[in-house]
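The values are calculated or read from the model by the stated rules, or taken from the named source; none is laboratory data. Keep in mind the model is a prediction, meaning the values are calculated, not measured. We place every Cβ from the backbone using ideal geometry, glycine too, and count neighbours over all the protein chains shown. These area figures cover heavy atoms from the full protein model, side chains too; ligands, DNA and RNA do not enter into them. Shrake-Rupley method; radii C 1.70, N 1.55, O 1.52, S 1.80 Å.
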Amino acid sequence: MSSRRAFLQQAATLAATLTLKNPSLAAAEIYLERGANQNAKQDTVQHYATPLDTSTLRPWVDPLFIPEIAQPIGSRPDPDDPSRTLPFYRLAMSEMHLKIHRDLPPTRVWGFNNSSPGPIFETRSGHGLLVEWANELPTQHFLPIDHTLHGAEPDKPDVRSVIHLHGGRTPAASDGYPEDWYVRGQSRIYHYPNRQDAALLFYHDHTMGINRLNIYAGLQGLFIIRDEVEDSLDLPRGKYEIPLLLFDRFLLANGQLNYPVSPDPKAPWVPEIYCNAMLVNGRFAPYLDVEPRSYRFRVMNGSNARFFRVFISQSGSHDVDLHVIGSDQGLLAAPLALKRILLAPAERTDFVVDFAPFAGQNLVLMSDGLQIMQIRVAAAPVKSVSFTAPKTLHPITRTPETQAIKTRRLTLDEIMDKVQQSMGMLLNRTRWSAPITEKPALDTAEIWELVNLTEDTHPIHLHLVRFQVLDRRPFDVFLYQDKGQLRYTGPVRQPAPEELGWKDTVRAESGTVTRIIVKFEGYTGRYVWHCHILEHEDNEMMRPYEVVVATT
Ligand code: C2O
Ligand code: CU
Ligand code: CU
């Protein structure tokens with residue numbers, strides 16, 4: 001365990017009243033337990049001001065906040081066909097103060113069009129749209145920038161932004177390349193053709209070196225694409241479809257956001273953050289009134305580092321059945337009955353819950369030991385409609401491995417200094433600024449073997465594409481580090497059933513080779529792939545890649 005991470009875990013234990021063990025971090029868990037029994041030295045906790053004791057806040061007093069649907073402000077010519085027009089949106093990033101809970105003073109956050117999380121886009125497959133992303137942020141950042149990180153050097157302006165549509169099949173020029181950031185007073189118009197299946201995507205900041213801070217401040221929002229396949233299924237819709245953007249934040253007693261820092265004021269970066277307040281749509285412990293019928297939940301993990309294991313509990317005893325119908329990139333082949341779903345940062349799930357059997361009861365949406373939202377089911381009407389899950393949803397053809405024209409073995413590495421402090425993470429031992437090494441050809445498939453040499457699970461995301469998870473297999477990490485030899489130490493594990501749909505983010509587990517098969521479709525150009533633990537991404541666990549024209 002690196003001492004920076006240890007410090008962080010220890011401080012979090014002292015400060016937080018609700019301590020969730022992160023399923024990704026076995027080693028950290030052990031430390032956490034030890035840390036809880038240790039007396040921390042005064043000087044290590046001083047950075048934390050007074051943390052909020054969330055147990056003093058009365059839960060379930062605010063109704064769930066659901067961001068508004070983004071509305072176009074006009075239309076503009078379609079860049080792909082100027083004889084047609086596309087809806088034109090303008091979203092301005094700015095600072096605002098909002099009530100996270102009834103009994104807290106307003107919290108300073110950043111958001112879009114005066115909403116944080118930002119407004120929700122709703123569009124259809126093949127219906128392109130244009131967005132002007134305007135930077136109207138303040139002149140100063142309110143979170144601790146680490147100027148020793150690549151891309152955040154002292155000569156870079158503190159306040160910068162660039163927006164990426166996560167999961168979008170987007171032309172490179174509109175993808176929000178991390179170095180395409182711009183400053184206050186500027187904007188960019190991005191084109192999203194949306195030629196892809198129905199899915200829950202999300203937009204978020206992607207600025208080189210400070211992406212973790214900009215997103216933590218609030219620069220993210222959901223983006224829903226619909227299509228005919230989804231229409232043809234009898235799924236709950238309208239007010240019966242509930243978007244839930246989950247993330248944790250470190251709140252101080254005065255209601256303000258705090259971003260944890262290392263003990264070194266010159267290099268405040270920390271390798272991961274785990275916070276004291278679980279928020280849903282940016283609010284603490286709200287309630288949702290539901291009718292005793294079925295609802296569809298579109299859930300996304302927007303945390304910097306925390307993994308959620310989502311379930312709905314009936315008076316703490318019993319988990320409610322979730323009919324899981326979708327993952328990152330849309331509908332599964334068929335519904336799955338599950339009780340709990342693991343979501344790493346950036347992963348999405350889509351499930352239907354039938355509340356008819358729970359009429360008149362209060363349920364709680366939870367993640368491991370943490371309560372997130374109360375669900376109040378109204379008393380039964382005369383006739384309650386109960387839910388029958390469709391037998392099939394959306395055909396998914398498994399890409400045969402024989403289709404791959406190339407296999408790339410790519411390591412996930414952690415660099416430590418002499419005293420075993422984490423200095424950051426790398427992909428394939430290569431820094432961001434090194435020349436591009438991954439150049440897949442358009443319309444070809446490749447297998448990427450993610451060889452995880454670190455002690456963490458890393459949610460690995462590729463821009464532009466959707467992919468399928470092939471399998472996972474444990475290997476001998478020491479032998480690989482010593483001799484570069486890959487020796488498996490256990491049997492191949494198939495992906496979990498909920499991972500068998502199309503994905504854009506995959507959990508690459510510690511000491512494991514995770515294999516994915518990817519077809520590079522849509523556009524040529526320069527994109528990125530990275531770990532979606534934002535602290536890792538900001539400290540070198542991100543690489544450019546380029547889709548090139550196939551040479552025959
Ligand atoms: Cu959520 Cu680079 O993306
Ligand atoms: Cu992305
Ligand atoms: Cu990572």
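Probing with 1.4 Å while keeping every protein chain in the model, the per residue accessible area of the stretch 481-552 equals 38 Å². Going by amide H atoms built from the backbone, whose H comes under 5 Å of the H on Leu129, apart from near neighbours? The answer is Tyr192. Take the Cα of Thr407, step 7 Å toward its Cβ, do the same at Leu442, and the gap between the two points is 2.9 nm. Probing with 1.4 Å while keeping every protein chain in the model, the per residue accessible area of the stretch 278-400 equals 34 Å².
Going by a ≥ b ≥ c, the root eigenvalues of the Cα gyration tensor, does the chain fall in the rounded group (a/c under 1.5), the prolate group (a/b larger than b/c) or the oblate group? Mind showing how you got there, number by number?
Working: a/c = 1.19, a/b = 1.03, b/c = 1.16.
Rounded is the answer for the chain, as its axis ratio a/c remains below 1.5.
Measuring from a point 7 Å past the Cα of Thr392 along Cα-to-C-beta, which residues in the stretch 330-368 have an amide N at less than 17 Å? Answer for this model: 331-336. Ellipticity at 222 nm from helices only: DSSP H runs of n ≥ 4 in the chain, each -39500 (n - 2.57), divided by the residue count, give -2500 deg cm²/dmol.
Judged by the gyration tensor of its Cα atoms, with axes a ≥ b ≥ c, the stretch 90-142 is oblate; a/c meets the 1.5 cut and b/c is at least as large as a/b.
The spacing between the stretch 118-149 and the stretch 208-248, judged by their C-alpha centroids, is 14 Å. Set the Förster distance to 25 Å, then compute FRET efficiency between Met416 and Tyr488 from the Cβ-Cβ distance, nearest 0.05. Computed FRET efficiency for Met416 and Tyr488: 0.50. For the stretch 140-219, the per residue solvent-accessible surface stands at 28 Å², with DNA, RNA and ligands left out and a 1.4 Å probe. Over the C-alpha trace of the stretch 156-271, radius of gyration and Dmax come out as 17.8, 56 angstrom.
The value of relative contact order for the chain, using C-alpha pairs under 8 Å at least six residues apart, is 15 percent. Here the Karplus relation 6.51 cos²θ - 1.76 cosθ + 1.60, evaluated at θ = phi - 60°, turns the backbone of the stretch 193-202 into coupling constants of x, 6, 7, 6, 5, 3, 5, 9, 9, 8 Hz, with x for every Gly and Pro.
Here the Kirkwood formula, the inverse mean of 1/r across different C-alpha pairs, assigns the stretch 153-206 a hydrodynamic radius of 12.3 Å. Roughly speaking, to the nearest percent, how much of the chain's 1.4 Å accessible area is carbon and sulfur? After summing per-atom areas, the C and S share lands at 50 percent. Summarising the amide proton neighbourhood of Met541: residues at separation of 5 or more, or on other chains, whose placed amide H is nearer than 5 Å comprise Met425.
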